[in-house]
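So the structure is just underneath, and the comments pick up after that.
The values are calculated or read from the model by the stated rules, or taken from the named source; none is laboratory data. Since the model is a prediction, treat every value here as computed from it, not as a measurement. Ideal geometry is used to build each Cβ from the backbone, glycine not excepted, and the neighbour counts take in all protein chains shown.
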Amino acid sequence: MKKILLSMFLIASLATPSLAATWSAVDRVPTVGKQLLTKNGLPSNTNFVVTETNVVNSTSNTNNELYIQKDALGYTGNDNEVAAVISQELGVVINANASKKKFISNLASAWAGSFETEEAQNKALLVNQISLNTMSEKDQMTADITGVDLMIQAGYNPLAMIVTLGKMPGTTWEVMTGQLNNIKRTTYIYDYLSYNYPSKVKEGYNCQEYRNFLAYIEPTITARNSSKRLMKKFEKTQKKLKQQRAKQIAKYKATGGLNGWDTSYTILKNLSEQSEVKR
């Protein structure tokens, strides 16, 4: 009997690595994506397209396709982290980031063309590019926090967004100064979750990358919590963020989405009311 049990244990031990090796981020995209759509009341006919090229998701996409970069999936190790990649792209669409950038770019280009000299036109185009780069960082951060709301509603751990972004390449400045990758974005997410979903932060995320992140930001958090002025500013900022997000989603629902995405009452209700801290 002991020999039989030992044999069964060995078989199970050998089988476990084999099963783990079958997990593929690319293969998980349809299942995880469907969960995010269904639980957030988004159109179920959306097609997820994994691409090796950089394709910007936009509300002008009439094929109901959401593009997910294969490179980004390479930084994931479980379904929570795959959900982080997908939900960030969903956030881009809901917030109409790409469409807004395209409109401003076209407007600025037309403005540049009104100048008589080539030198003046080039300067105007340079200003336009700088403006777009600055807005791009803001748009990314806005899409991030929209994404974590979607993750929570779909039952995924939102802290996976912090971990996944932390694995991705950071800026040259971050490398030169010894900062963690994408630290501005990950701290922004952590602050948002701390204010609106404290229980999710309390649950934590069991991996070394997240522990490294907590250790890195601990001095900043401690300093803020011990200062009435900083805490007042923090609470004011987070309250404003929550209001802005609710307005954006309401606006998106009112227009129905330019690509047929219909933000249902479910997403509006949950993103506006589910926050655990009522301010």
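Given (1) polar (S, T, N, Q); (2) surrounded by fewer than 14 Cβ atoms within 10 Å (Cβ to Cβ); (3) assigned to a helix (DSSP H, G or I), where does N206 come up short, assuming only one miss?
(3)
Residue under question is T38, and the condition is that it be under 20 Å from Q140 (Cα atoms) and either modelled with pLDDT of 65 or more or of a type in the set (K, R) (or both); does it hold? Spell out how you get there, then give the answer.
On the way: under 20 Å from Q140 (Cα atoms): no; either modelled with pLDDT of 65 or more or of a type in the set (K, R) (or both): yes.
Criteria not met by T38.
Just to check your reading of the model, which residue among E174, E235 is at pLDDT below 95 and either surrounded by 15 or more Cβ atoms within 10 Å (Cβ to Cβ) or not in a helix (DSSP H, G or I) (or both)? Working first, answer last.
Details: E235 fails: either surrounded by 15 or more Cβ atoms within 10 Å (Cβ to Cβ) or not in a helix (DSSP H, G or I) (or both).
That would be E174, the only listed residue that is at pLDDT below 95 and either surrounded by 15 or more Cβ atoms within 10 Å (Cβ to Cβ) or not in a helix (DSSP H, G or I) (or both).
With the requirement that a residue be closer than 22 Å to K138 by Cα and of a type in the set (G, A, S), what does the range 167-225 give you?
Result: G170, S194.
Quick one: which residue in A98, A84, A72 is under 19 Å from the mean Cα position of the chain (by Cα) and at pLDDT below 60? Lay out the reasoning, then the answer.
Numbers: A84 fails: at pLDDT below 60; A72 fails: at pLDDT below 60.
Among A98, A84, A72, only A98 is under 19 Å from the mean Cα position of the chain (by Cα) and at pLDDT below 60.
Suppose the filter is surrounded by 14 or more Cβ atoms within 10 Å (Cβ to Cβ) and at pLDDT below 85; does M141 pass it?
The answer is no for M141.
Got a number for residues in the range 53-69 being on the phi < 0 side of the Ramachandran plot and at pLDDT below 80?
11
Taking the options I221, I189, I217, I267, name whichever one is on the phi < 0 side of the Ramachandran plot, at pLDDT below 75, β-branched (V, I, T) and surrounded by 14 or more Cβ atoms within 10 Å (Cβ to Cβ).
Unique residue meeting the criteria: I267.
Quick one: would you say K184 is touching a residue at least 40 places away in the same chain (Cβ under 8 Å), more than 25 Å from G33 (Cα to Cα) and within 15 Å of the chain's Cα centre (by Cα)?
Here the answer is yes, as K184 does meet what is asked.
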